[in-house]
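Notes follow once the structure below has been shown.
The values are calculated or read from the model by the stated rules, or taken from the named source; none is laboratory data. Here the structure is a predicted model, which means the values were calculated and not measured. Note: ideal-geometry Cβ built from the backbone for every residue, glycine included; neighbour counts use all protein chains shown. When the accessible area is computed, the model is the full protein with side chains, heavy atoms only, and any ligands, DNA or RNA have been set aside. Shrake-Rupley method; radii C 1.70, N 1.55, O 1.52, S 1.80 Å.
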Amino acid sequence: MDQGTPIFNYSVAFDTANSGTLFYEEYPGSINDMSQLTCMIDKAYGYGYQNLGFILDRGYFSRKNLGYIERHGYSYLIMIKGMKDFIRGIVLKNQWTFEGKRIHYIDRYDVYGTSVECVLFEGDEKKKHVHLYYSDSRAYGEKQEIKARIRRGQRRGCD
C-alpha cells in the first residue's frame with residue numbers, strides 16, 4: 001500500500017570482527033537492486049577492503065551480479081526464488097534426500113538443510129554451493145491452506 005512517503009534503500013558494510021560499520025550508502029528506492037550492488041562493490045573495492053562477503057536478497061540475483069562480485073574477489077550469500085527453472089531442477093534432484101533425516105535437522109531454525117555443489121549457469125566453469133532448506137511446519141501450513149481453498153471451492157459448487 002503506497003503511503004506517499006519516500007522509499008529508500010541502504011547498503012551497509014559491517015565489520016563483524018570489530019563490530020563496527022565500515023561504510024553505508026543510501027539509495028533512492030527507484031534505483032533497482034542490480035545497479036545498487038555494483039555501486040556497493042565498487043565502493044568497497046575502492047576503499048581497498050578484502051575478504052568481504054555480501055548477504056543479499058533475491059532482488060540482486062543475476063548472472064551478471066554474481067560474476068561482478070566474484071571478479072572482485074568477494075564472496076556472497078544470496079536467496080534465489082525456488083521456482084526459477086534451474087533452481088527447481090536442483091531442488092527436484094535433491095528432493096527427499098535430506099528432509100526428515102535427523103543428521104540434516106537444524107534445531108535453531110526448525111528446518112532440515114543440505115548443501116550441494118553445482119554449476120548454476122550454462123557455460124560456467126566454477127561450481128557454486130547451493131543450500132536447500134525444508135520446513136515441516138511450513139509444508140503443513142501450506143497443505144492446510146490448499147485443503148481450505150478446496151473446501152471453499154466445493155461449498156460454492158466448484159468441485
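Shape class of the stretch 107-154 from the Cα gyration tensor (axes a ≥ b ≥ c, square roots of the eigenvalues): oblate, since a/c reaches 1.5 or more and a/b does not exceed b/c.
Using a Förster distance of 22 angstrom, determine the FRET efficiency expected from the C-beta separation of Arg88 and Thr114, and round it to 0.05. My answer for the efficiency is 0.85.
The aspartates and glutamates whose alpha-carbon is closer than 13 Å to the alpha-carbon of Lys93, local same-chain residues fewer than 8 away aside, are Asp85, Glu117. Helical content alone sets the calculated 222 nm signal of the chain at -10500 deg cm²/dmol, taking -39,500 (n - 2.57) per DSSP H segment of four or more residues and averaging over every residue. A 1.4 Å probe run over the protein chains yields, for the chain, 75 Å² of accessible area per residue, whole-number rounding. Where a ≥ b ≥ c are the square roots of the eigenvalues of the C-alpha gyration tensor, would you call the stretch 44-84 rounded, which needs a/c under 1.5, or, failing that, prolate if a/b is larger than b/c, or oblate? It comes out prolate by the Cα gyration axes. Given charges of +1 on the Cβ of Lys and Arg and -1 on the Cβ of Asp and Glu, with all other atoms neutral, how large is the dipole of the chain about its Cα centre, in debye to the nearest 20? Dipole size: approximately 920 debye. In the stretch 55-114, Rg over Rh equals 1.06, where Rg is the alpha-carbon radius of gyration and Rh the Kirkwood radius from pairwise Cα distances.
Sort the stretch 80-159 into rounded, prolate or oblate with this rule: let a ≥ b ≥ c be the square roots of the eigenvalues of the Cα gyration tensor; rounded if a/c is under 1.5, and if a/c is not under 1.5, prolate when a/b is larger than b/c, oblate otherwise. Judged from the Cα gyration tensor, the stretch 80-159 comes out oblate (a/c at least 1.5, b/c at or above a/b).
Return the label of the correct value of Kirkwood radius over Cα pairs in Å, as calculated from the structure shown, out of [x] 16.0; [y] 16.9; [z] 19.1. Checking each listed value against the structure points to [z].
Taking the C-alpha atoms only, the angle from helix 85-94 to the longest principal axis of the chain is near 60 degrees. Here the chain exposes an accessible surface that is 51 percent carbon and sulfur, computed with a 1.4 Å probe and the other protein chains kept in place.
Among the chymotrypsin sites (Phe, Trp or Tyr not before Pro) found in the stretch 34-124, those both in a DSSP coil and sparsely packed, with 14 or fewer other Cβ atoms within 10 Å of their Cβ, are Tyr47, Trp96, Phe121.
Normalising the average separation of contacting C-alpha pairs (under 8 angstrom, six or more residues apart) by the number of residues puts the relative contact order of the stretch 23-159 at 13 percent.
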